[in-house]
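Notes follow once the structure below has been shown.
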């Protein structure tokens, strides 16, 4: 199933989203940090059997506009509210992955009457600042994005095919999804859609967010799907 690529103006910015169709309850999919709406390509057609499936490229990501500000949760959830209103979605369900799960959690905690239920995939539960010994400087050291801007496409693909956990499932579809995170110039250099500066602004908002204070405010069902640990001894 091929989604429709659509654009909508929200609060003075142009946002891209993919519409996989379906005629059931509206389901809004929210990608993770430095990702894009195509990340849902393999699962969205299955969800469209029961739901109307829409995947938003959040500000700074994919083909959506990339302003220099507005990467805190207040602005990001404001974008989501505007998206829901613009498309006249009646109490949609929200599915978020990683940072997208934190966005969904923040939105539902503050606007409980606007959401029917949540599914949070490997996000929305970790409190970065609560980890023992974790400081903002340590967070920057561990979670800053790699310097990919200006890298040659083929060099990037060679490295990506060897990423732990990714090389074993690499195929043309996975490559398409991964490359949708970048602008590719005529000289075959890549540039992340999400700039390093904006990436770090979002990282700072994650550092400051307190999911433990948001969960008690939920008034809708929520499904939490944590990923398995990357480390066997964890």
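The values are calculated or read from the model by the stated rules, or taken from the named source; none is laboratory data. The structure displayed is predicted, hence computed values, not measured ones. Cβ placement follows ideal geometry from the backbone for every residue including glycine, while neighbour counts extend to all protein chains displayed.
Whether any residue in the stretch 187-203 is without any contact (Cβ under 8 Å) to a residue 40 or more places away in the chain and either touching a helix residue (DSSP H, G or I) at 6+ places or on another chain (Cβ under 6 Å) or at positive phi (or both) is what I want to check.
The answer is yes, given that some residue of the stretch 187-203 is without any contact (Cβ under 8 Å) to a residue 40 or more places away in the chain and either touching a helix residue (DSSP H, G or I) at 6+ places or on another chain (Cβ under 6 Å) or at positive phi (or both).
Residue check: is residue 181 closer than 30 Å to residue 93 by Cβ and assigned by TED's automatic domain parsing to the domain that holds residue 110? Lay out the reasoning, then the answer.
Values: closer than 30 Å to residue 93 by Cβ: yes; assigned by TED's automatic domain parsing to the domain that holds residue 110: no.
Considered against the rule, which asks whether it is closer than 30 Å to residue 93 by Cβ and assigned by TED's automatic domain parsing to the domain that holds residue 110, residue 181 comes out as no.
Considering (1) at pLDDT 95 or above; (2) at negative phi, say which one residue 24 fails and leave the rest.
(1)
Which condition breaks for residue 129 when tested against (1) in a loop (DSSP other than H, G, I, E, B); (2) modelled with pLDDT under 95?
Result: residue 129 passes all but (1).
What single numbered condition from (1) touching a helix residue (DSSP H, G or I) at 6+ places or on another chain (Cβ under 9 Å); (2) surrounded by fewer than 22 Cβ atoms within 10 Å (Cβ to Cβ); (3) within 26 Å of residue 197 (Cβ to Cβ) fails to hold for residue 31?
(2)
Residue pairs, Cβ under 9 Å, 6 or more apart or interchain, first in the stretch 149-164 and closer than 19 Å to residue 34 by Cα, second exposed (fewer than 10 other Cβ atoms within 10 Å of the Cβ) and at pLDDT 95 or above. List them.
Note: pairs meeting the criteria are 152/187.
Go through 57, 65 for me and flag whichever is surrounded by 15 or more Cβ atoms within 10 Å (Cβ to Cβ), over 17 Å from residue 92 (Cβ atoms) and assigned by TED's automatic domain parsing to the domain that holds residue 200.
65
Which of the residues belonging to the stretch 214-231 are out of contact with any strand residue (DSSP E or B) (no Cβ under 9 Å at 6 or more places or on another chain), at pLDDT 95 or above and part of a loop (DSSP other than H, G, I, E, B)? Quick ask: steps written out before the conclusion?
Initially, the stretch 214-231 is screened for residues out of contact with any strand residue (DSSP E or B) (no Cβ under 9 Å at 6 or more places or on another chain), giving 214, 216-217, 219, 228-231.
Pick out the ones that are also at pLDDT 95 or above and you get 214, 216-217, 219.
Of everything in the stretch 214-231, just one residue is out of contact with any strand residue (DSSP E or B) (no Cβ under 9 Å at 6 or more places or on another chain), at pLDDT 95 or above and part of a loop (DSSP other than H, G, I, E, B), namely 219.
Just to be sure before I move on: is residue 174 surrounded by 15 or more Cβ atoms within 10 Å (Cβ to Cβ) and free of Cβ contacts under 8 Å to residues at least 12 places away in the same chain in the structure I sent?
Numbers: surrounded by 15 or more Cβ atoms within 10 Å (Cβ to Cβ): yes; free of Cβ contacts under 8 Å to residues at least 12 places away in the same chain: yes.
Yes: the conditions hold for residue 174.
Please count how many residues of the stretch 141-155 are surrounded by 10 or more Cβ atoms within 10 Å (Cβ to Cβ), touching a helix residue (DSSP H, G or I) at 6+ places or on another chain (Cβ under 9 Å) and farther than 17 Å from residue 227 by Cβ.
Residues flagged as surrounded by 10 or more Cβ atoms within 10 Å (Cβ to Cβ), touching a helix residue (DSSP H, G or I) at 6+ places or on another chain (Cβ under 9 Å) and farther than 17 Å from residue 227 by Cβ within the stretch 141-155 amount to 6.
Condition first: free of Cβ contacts under 8 Å to residues at least 40 places away in the same chain, exposed (fewer than 15 other Cβ atoms within 10 Å of the Cβ) and within 29 Å of residue 95 (Cα to Cα). Now tell me which residues in the stretch 114-140 satisfy that. Break it down stepwise before answering.
Keep residues of the stretch 114-140 that are free of Cβ contacts under 8 Å to residues at least 40 places away in the same chain, which gives 114, 131-135, 137-138.
Still in the running and exposed (fewer than 15 other Cβ atoms within 10 Å of the Cβ): 131-135, 137-138.
The answer is 131, 134.
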